[in-house]
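The values are calculated or read from the model by the stated rules, or taken from the named source; none is laboratory data. Note that this is a predicted model, so its numbers are computed, not measured. Here the Cβ positions follow ideal geometry from the backbone for every residue, glycine too, while neighbour counts run over all protein chains shown.
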Amino acid sequence: MTAPIVIVGAGLAGLRTAEELRRAGYVGELILLGDEPRLPYDRPPLSKQFVRGETDDTTLRPREFFTEKQIDLRLNTAAVAVDTEARNVRLVDDNALDYDQLVIATGLRPRRLPGLPDAPGVHVLRGHADAATLRAELADAGTALVVGAGFIGCELAASFRACGIAVVLIEPQPTPLASVLGEEVGALIARMHRDEGVDLRCGTSLDTLRTDDAGRVRAAKLSDGTEIAADLVVIGVGSRPVTEWLTDSGIALADPSAGGGILADEVGRTSADRVWAVGDVAAWRHDTGRCRRVEHWTNAGEQAKLLACALLGAEPPTVARVPYFWSDQYDVKLQALGTPNAADDVQIVSDDGRKFLAYYSRGGTLTGVVGAGMTAQVMKARAKIAASAPVTDLLTPH
């Protein structure tokens, strides 16, 4: 009897892979392992609608879906090791699960700052339980410190302001999202947050936290020596791929200094036979020949489709892949197409004081478009980015 396809990780990438395998005609046994007790759920709303109390359920598929598709969903079941020669995965209960093909979709884990007390009121945000705990504390909070002005930090700052909470947002770089979008666009995002009443302090980091007699966080001391009140502290300083369970597996991993993750080719094959990687944990080979991870919602679905076809021996679809991501902050949707980079040439072509549009280029070639509240203008650039068109094609009136 043929062993099943086993997918480790029941987040978006793992779920989409299971769906695509069934859609591509796979009728054999399919097991989806999740280490959380919840049905697979959508993560982007956690920092926005969910934490603000506007929705209670971000479930992606109901229980009946898995029965209908004959996907053996096993929750509260973490994988702790893999033996690629014996083709089995060892589970947290010490049982072993044989596989014919293994797909790893374990995602990310939030980074924490060393030396900080694990005190009530100090949070990270990745999973549903993190968001639920944070939401429960918002009602009694008057002040919040958000450490890190990346996407999660900016979204939470916006959500907290919507809840009437005074927010201090600190970031060691010169602007929010400087390492991703560059300082010029970062300055426009900084303006938006300050206009909404966020006390944004760039070039500043967290030094220590002060707790009260009950051990709950009440204040923070910053690197510039100032002290601020904080009923809540959220650490948003990035995430790292969940790969520690692969130690001694023989599966090649990317250098942590280059972002880490599981090295894979352009359809998700890893260095181990019959082992694949998908989603945030996977460092796929891209057009440049380099392997890199892409931590975007749309990427998970695109990779799942390619991987499922390749795993089943079908010809993967040929698509002009143009990365896309978005971030909802206040009443503005920040969108990005392509591969905008902080080192690119940036041209701000529209800015009304709130909404803006920026073109990114390298050596005159269009690499990306970033817009805030400019949905149509961003999306119409997709074909130009896919064709590596000169940036002048968008700058020249037609």
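For segment 129-142, give me the residue count where each residue is small (G, A, S), outside any loop (DSSP other than H, G, I, E, B) and crowded, with 17+ Cβ neighbours inside 10 Å. Walk me through it before giving the result.
Going through segment 129-142, the residues small (G, A, S) turn out to be 129, 131-132, 136, 139, 141-142.
Remaining after also requiring outside any loop (DSSP other than H, G, I, E, B): 129, 131-132, 136.
Of the ones still in play, those that are also crowded, with 17+ Cβ neighbours inside 10 Å are 131.
Final tally of qualifying residues: 1.
Among the residues of segment 277-307, write down those that are within 15 Å of L263 (Cα to Cα), modelled with pLDDT of 90 or more and either part of a helix (DSSP H, G or I) or among the small types (G, A, S) (or both).
A277, G279, D280, V281, A282, A283, Q303, L307
Residues in segment 288-305: is at least one at negative phi, in contact with a Cys (Cβ under 9 Å, 6 or more places away or on another chain) and among the basic types (K, R)?
no
Out of (1) without any contact (Cβ under 8 Å) to a residue 24 or more places away in the chain; (2) over 22 Å from D280 (Cα atoms), the odd one out for T2 is which?
(1)
With respect to L222, determine if the residue is closer than 13 Å to V122 by Cα and hydrophobic (A, V, I, L, M, F, W, C).
On the way: closer than 13 Å to V122 by Cα: no; hydrophobic (A, V, I, L, M, F, W, C): yes.
Criteria not met by L222.
Among residues belonging to segment 257-308 that are within 17 Å of the chain's Cα centre (by Cα) and over 23 Å from A18 (Cβ atoms), point out the one that is surrounded by the most Cβ atoms within 10 Å (Cβ to Cβ).
So, considering only residues that are within 17 Å of the chain's Cα centre (by Cα) and over 23 Å from A18 (Cβ atoms), the one surrounded by the most Cβ atoms within 10 Å (Cβ to Cβ) is G260.
Check T204, T208 and return the single one that is surrounded by 14 or more Cβ atoms within 10 Å (Cβ to Cβ), among the hydroxyl-bearing types (S, T, Y) and outside any helix (DSSP H, G or I).
T204
For segment 32-128, list the strands (runs of 3 or more DSSP E) that sit wholly inside it and hold at least 2 residues that are among the β-branched types (V, I, T) and modelled with pLDDT of 95 or more; which are they?
79-83, 101-104
Being touching a helix residue (DSSP H, G or I) at 6+ places or on another chain (Cβ under 8 Å) and small (G, A, S) is the filter here, so list the residues in segment 284-312 that pass it.
Within segment 284-312, A300, G301, A304, A308 qualify.
Out of the residues in segment 211-234 that are in a strand (DSSP E or B) and touching a helix residue (DSSP H, G or I) at 6+ places or on another chain (Cβ under 9 Å), which is nearest to A282 (Cα to Cα)?
Ranking the candidates gives V234 first.
Could you say which residue among A3, A10 is more than 30 Å from F151 (Cβ to Cβ) and among the small types (G, A, S)?
That would be A3, the only listed residue that is more than 30 Å from F151 (Cβ to Cβ) and among the small types (G, A, S).
Have a look at V27, V6 and point out the one that is part of a strand (DSSP E or B) and not aromatic (F, W, Y).
Among V27, V6, only V6 is part of a strand (DSSP E or B) and not aromatic (F, W, Y).
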